[in-house]
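The values are calculated or read from the model by the stated rules, or taken from the named source; none is laboratory data. In this text, all values refer to a predicted model and were calculated from it rather than measured experimentally. In this analysis, Cβ positions are derived from the backbone assuming ideal geometry, glycine residues included, and neighbour counts consider all displayed protein chains. To get the accessible areas, we keep the full protein, side chains included, count just its heavy atoms, and leave off ligands, DNA and RNA. Shrake-Rupley method; radii C 1.70, N 1.55, O 1.52, S 1.80 Å.
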Amino acid sequence: MTETAELMRPRGSRRTKRHRRASPVTVIAELLITAGVLVLLFLGWQLWFNELVMGSKQHDQALETAQEWERDVEPAPANAEPIVRPEPAADGEIFANLVIPRFGQDYYRPIAQGVGLKAVLNTIGVGHYPGAQMPGEVGNFSLAAHRTSYGRPFNLLAELRKGDKIWVETADGWYEYAYLTQRVIQPTEVEVIEVLPPGLTEVDRYITLTTCHPMWSARERLIAHGVLDQFYPRAAGVPEEIAYTQAQPQAGGQ
């Protein structure tokens, strides 16, 4: 009886199973796979969730700023000449909004002083080059923004077409610029933000938008130029073409 019971006992119960010890190569491979999965998850967050959150946040900031300006409307000047304010002294100070209908009716972005990554481009979105002209001023109102991250304010810059409107909104009103041209340059060609950018023949009231090129690279810069067409005082009401910007709810976004 005892012998029969012993024969019927599972083999595993009579001896301990031997476990293979993982080789260093296997451990390294598993670590690399895990690291790859984490990188993919991070990229997914960066490319989707981060874009969604940052784009919506920037939109809402622009709308909130515009609503504050509406509460302090001053009488419209008789001649409706462009009003030029002094350049903000502090980096990160929001002084204008950007509206580009070509980019969609949910495109509404704040403009802040400075082009630092931490203080402006990675948080607020669009930055004004210190020392460049201000909206409506004779010379070159020059801006910078990301193309593929942190809300990607200039993601569609290459899609602008001649005559497209670029609107800059301030507490004083709306500056309507008309898109002229764009080109790709090297990062060292900083003269594109000077009073008279290369390729333009006479001094005027320009706007210049700069971003990285090509997509997902900072090897070059994509530059877009526009020229001021008209100024609309805030007291005269929002221009009909972009009236939708003031009608959007606070929770709007991309």
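Annotations for the structure displayed:
- Filter pass, Leu180 being of a type in the set (A, V, I, L, M) and out of contact with any Lys or Arg (no Cβ under 9 Å at 6 or more places or on another chain): no
- Residue match in segment 208-227 (condition: polar (S, T, N, Q) and more than 30 Å from Glu70 (Cα to Cα)): yes
- Reported count of residues in segment 186-220, each being open to solvent by 70 Å² or more (accessible area, probe 1.4 Å) and in contact with a His (Cβ under 8 Å, 6 or more places away or on another chain), is 2.
- Subset of segment 150-185 (residues that are open to solvent by less than 20 Å² (accessible area, probe 1.4 Å) and part of a strand (DSSP E or B)): Ile166, Trp167, Val168, Glu169, Gly173, Trp174, Tyr175, Glu176, Tyr177, Ala178, Tyr179, Ile185
- The lone exception for Ala235 - which of (1) at pLDDT 95 or above; (2) more than 21 Å from Leu121 (Cβ to Cβ) it fails: (1)
- Residue under evaluation Gly127, criteria (1) in contact (Cβ under 8 Å) with a residue 40 or more places away in the chain; (2) crowded, with 20+ Cβ neighbours inside 10 Å; (3) in contact with a strand residue (DSSP E or B) (Cβ under 6 Å, 6 or more places away or on another chain), criterion not met: (1)
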